[in-house]
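Novice: Take this structure first; my questions come after.
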Amino acid sequence: MSSNFFLTFIGIKDKIYCKKKCYFAVIKNGIQMKYSLENPWNLSDEELREIFDLEVSLSNEIRNSTREERKKLYVDCYDRYFKRLPFHPQLLVKNNPDAIKRKIDFQMKIINRFITSNTVFLEIGAGDCSLSREVSNVVSKVFALDASEQISKGLISQDNIELVVTDCTELPFKENSIDLAYSNQLAEHLHPEDFITHLKSVRRVLKEGGKYICITPNRLSGPHDISRFFTNKNIGFHLMEYTNTELAKVLVKSGFKQIKFYFFFKGKWKRIPYNLLIFIESILKLFNPGLRKKILKLKPIKILLEINTVAIR
């Protein structure tokens, strides 16, 4: 990639640097932007930039809105997002059986220990509903919630699955009606003000002793959304990323009586003491972001700090 092309690609630039497969561009307002040549999505530069521009624009609408506006805005923004990006990996992956199987097999290893034939299961942020379809083969009832029906359109045929399009904050279910709630990569997409509302709503619909499995990326190794290709700050759809410590505090504030943390090792979930997580994350916060990310790429640390939380009502 030539420097001239990259300058045009990023926009208005004063200077550009090349360092270890990453281009750094200083723009006029003084903010340094980064574009990584390591592109796991196999998208062209133009496609990656189009996703970034649209995601930043739409996420700013959500960030700058009121709670009342966001009730409709989540659904509206995600619908516009996927309609304008037919090449988006989340839309393409539903036509890739191997990728879907790998994703589902991994998540079922987590979920299987918590479900029976009598379970009422709730997936929040269901996407293409591939996980909900798999779980429906085991449990009695599945509710699949998502802010957009663009990904899952035409994919649900099972009688015991119900797709609900909602902003995922105020859940439209009766109190004490759900045995197991599950979200994977959802928490970070909610406005911080709405996340508390979401957690309280999840707790309300869970039966006594019901569980909420919440999986979300760790802020210390972020950003994890489209922002990571361009900057070190979350400016895309990940409105707020959390550490294990931060998530635990929010869960307690929301009324959950017991919180457990797990890491995934050799195909099995193993529990990790909360005090150990606090200690490790406290130490990592002392390092600058660059060094911290290098440390978090070490497999043992990466595995330990991935946020796999089970909150119990």
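The values are calculated or read from the model by the stated rules, or taken from the named source; none is laboratory data. Being a predicted model, the structure only gives us computed values, none of them experimental. Cβ atoms come from the backbone with ideal geometry, glycine included; neighbour counts cover every protein chain shown.
Novice: What residue, among those in segment 63-90 that are polar (S, T, N, Q) and surrounded by fewer than 16 Cβ atoms within 10 Å (Cβ to Cβ), is nearest to Leu186 (Cα to Cα)? If you could, list the steps in order and put the result at the bottom.
Specialist: Within segment 63-90, the subset polar (S, T, N, Q) is 64-66, 90.
Narrowing further to those that are surrounded by fewer than 16 Cβ atoms within 10 Å (Cβ to Cβ): 64, 66, 90.
On the way: Asn64: 19, Thr66: 20, Gln90: 14 Å.
Only one residue tops the list, namely Gln90.
Novice: Suppose we filter Ile259, Ile312 for residues that are surrounded by fewer than 20 Cβ atoms within 10 Å (Cβ to Cβ), modelled with pLDDT of 95 or more and closer than 24 Å to Ile104 by Cα; which single one remains?
Specialist: Ile312
Novice: Consider segment 275-313. How many of its residues are in a helix (DSSP H, G or I) and of a type outside the set (Val, Ile, Thr)?
Specialist: Total meeting the criteria: 19.
Novice: Still on this structure: I need every pair where a residue in segment 268-288 that is in the same structural domain as Met108 (by TED's automatic domain parsing) and surrounded by 12 or more Cβ atoms within 10 Å (Cβ to Cβ) has its Cβ under 6 Å from the Cβ of a residue that is part of a loop (DSSP other than H, G, I, E, B) and not acidic (Asp, Glu), sequence separation at least 6 or different chains.
Specialist: Pairs found: Glu281/Thr243.
Novice: Can you name the number of the only condition in (1) at pLDDT below 95; (2) within 12 Å of the chain's Cα centre (by Cα) that Ala187 fails?
Specialist: Failing condition for Ala187: (1).
Novice: When only residues in segment 213-235 that are charged (D, E, K, R) and part of a loop (DSSP other than H, G, I, E, B) count, which is nearest to Ser183 (Cα to Cα)?
Specialist: The residue in question is Asp225.
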